[in-house]
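Heads up, the thing below is written out as structure tokens.
Bear in mind that the values in this text are calculations on the coordinates, not laboratory data. Everything quoted here is computed from the prediction, not taken from an experiment.
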Ligand SMILES: [Fe+2]
Ligand SMILES: [Fe+2]
């Protein structure tokens, strides 16, 4: 029995002497090859590969010319020629051409030998086509593997969820030669532990501008059914779904869009817990991948059923897609978690000092905007400085958390509005009231002694004078207290005022028990004589320590690779270009550009923020003037400040911040 199931007759042409045609037909029929007559009439085409079988007597001039024409023509990619002939003249003519396979007929008994030779030829062709089929299958498996590997790599690299969905759909369609398709994603239930009930339509490949919508995960839609069951469905013709099936096709889409859905393949995408997280739905497998389908094609032969190979490939793709989607979910969950943590931290700082409320968010907004402007800037000094998305995020976190270390500063120092704490001023106030009471007591005692020793008349003579004296002294004491209250304000005092205040430290009022009360204690005087602001050296050091606390806090966080610069950026937000900043005292070259940008935003916001108990808010113009001064003194970066001013960075955020 001749094996011929792999012989591709479409690729064979027989040239033969007319007198041999019926004999050849007979012999082919005997070996059960039908339609041989077709092989005689088929014309030679320029196809990838073709076989020409010449069966002839001895000298065949006409075939020789034709064959030479074929073998010398460049139009034919590949030709195999089998020559069955009597004698060797042919063999000699084409000896140098390897495409030729020769079989020699004997002088006698052609009838018997021809059958044998045809059987051998057929067997040879069988082996050839079988080998060829295996080879092309191998090539296609290799191609599939390569496509899947490439898709897998692309899916892993894509971090943007919408782009990922688009990529999955595009690759799925390509792999299965589908005309259309959609991706559905399972909606996460609001409460943890609940079963998902909805499927969200995310993307269609048919350019329909369809917005997102949701379907129930149930039998009312095929996609919902696949999500519910968790296994794939392949339908050859959606208009001929058996009545027994639990799912049904909804033709609304076809009607609305003048489309004809026929074949369909739906594959669930699952996560590592084997839970369905989405569905890939492919529509209408195209018979020819590069053809744009018309409605007639869709109704006719242009659409074919999806194959097992499509299912295999799509299953592999769905597996990779499921993992990639789950990864983006996990990444965004981690991001949300961290955002939440950062917001909670910012709230913790601002709750301790309500007057600085919103400071961290504003500094983050200004700095982010400034970075984007610097990124675009083509100024010579800034040309090389660019920021990608991850670096902007890094900068934002550093800015949001830059003052977090204030949680390590005592609250009374943090919110200190006057040079003296309220309790200290209150003690001084009571002391002065006491001093007045002592004066009054002495005054009345003196009057009593006079009355007792010299009588009422004498007392009356000097009483008014004594009262006057008392009143003057009381006013003097009150004046001293008022001077203390004035000195307590965070203003720059005249030198003289300090001297008056200092004299109070040596002024003592004696009491009955011999002890004295000092009008002003030395530490109180030192606080009141602070020349700038409200903080003494120690307190200033404590406030400044917030930067180190911030750094110590931030280095505890296991930042991802993209965010590793956060602690260092925040650490340098009070550094100055000339090295006079704190806590490191480093100079320009060592201060990260991100910290330099943050320093500008930080100063600007500290100056323009709402009124604080100890400081009036300045106008934007005034704040900019101060910043320009700071840049002239070598404290802040002039190039960055120029961008800050030119791009109106500070104004852009006013509205968003107010909201
Ligand atoms: Fe700070
Ligand atoms: Fe700050």
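Taking N as the number of residues in the range 565-623, what is its alpha-carbon radius of gyration divided by 2.2 N^0.38 Å?
Working: Rg = 13.0 Å, N = 59, 2.2 N^0.38 = 10.4 Å.
For the range 565-623, the normalised Cα radius of gyration comes out at 1.26.
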Using only DSSP helix segments of four residues or longer, with each worth -39500 (n - 2.57), what per-residue ellipticity at 222 nm results for the chain after dividing by its residue count and rounding to 500?
-17500 deg cm²/dmol
Need one number: the % of Cα-Cα pairs in the range 253-359 sitting beyond the 25 Å mark.
53
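Write down, largest first, the equivalent ellipsoid semi-axes of the range 337-435 in whole Å, where each equals the square root of 5 times an eigenvalue of the alpha-carbon gyration tensor. Present the calculation step by step, with values, prior to reporting the outcome.
On the way: eigenvalues 354, 57, 14 Å².
Working from the Cα gyration tensor, I get semi-axes of 42, 17, 8 Å.
Test of understanding: what is the full-extension gain from residue 454 to residue 645, defined as 0.36 nm times their sequence separation minus their Cα-Cα distance? All intermediate terms of the calculation are to be shown ahead of the outcome.
On the way: separation 191, 0.36 × 191 = 68.76 nm, distance 8.17 nm.
Length difference between fully extended and current span is 60.6 nm.
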Over the C-alpha atoms of the range 422-534, what are the Rg and the largest Cα-to-Cα span, Dmax, in Å?
17.3, 57
Calculate, in nm to one decimal, what residue 378 and residue 348 gain on full extension: separation in residues at 0.36 nm each, minus their alpha carbon distance.
6.9 nm
Quotient of Cα Rg and 2.2 N^0.38 Å for the range 162-332, N being how many residues it contains
1.00
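Averaged over every viewing direction, what's the projected area of the C-alpha convex hull for the chain? Give it in nm², one decimal, please. Don't jump to the answer; show the numbers that get you there.
On the way: hull surface 212.9 nm².
It is 53.2 nm².
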Over the Cα atoms of the range 333-386, what is the Rg over Rh ratio if Rh follows Kirkwood?
1.17
I want the antiparallel fraction of DSSP beta bridges within the chain, as a percent rounded to 5.
65
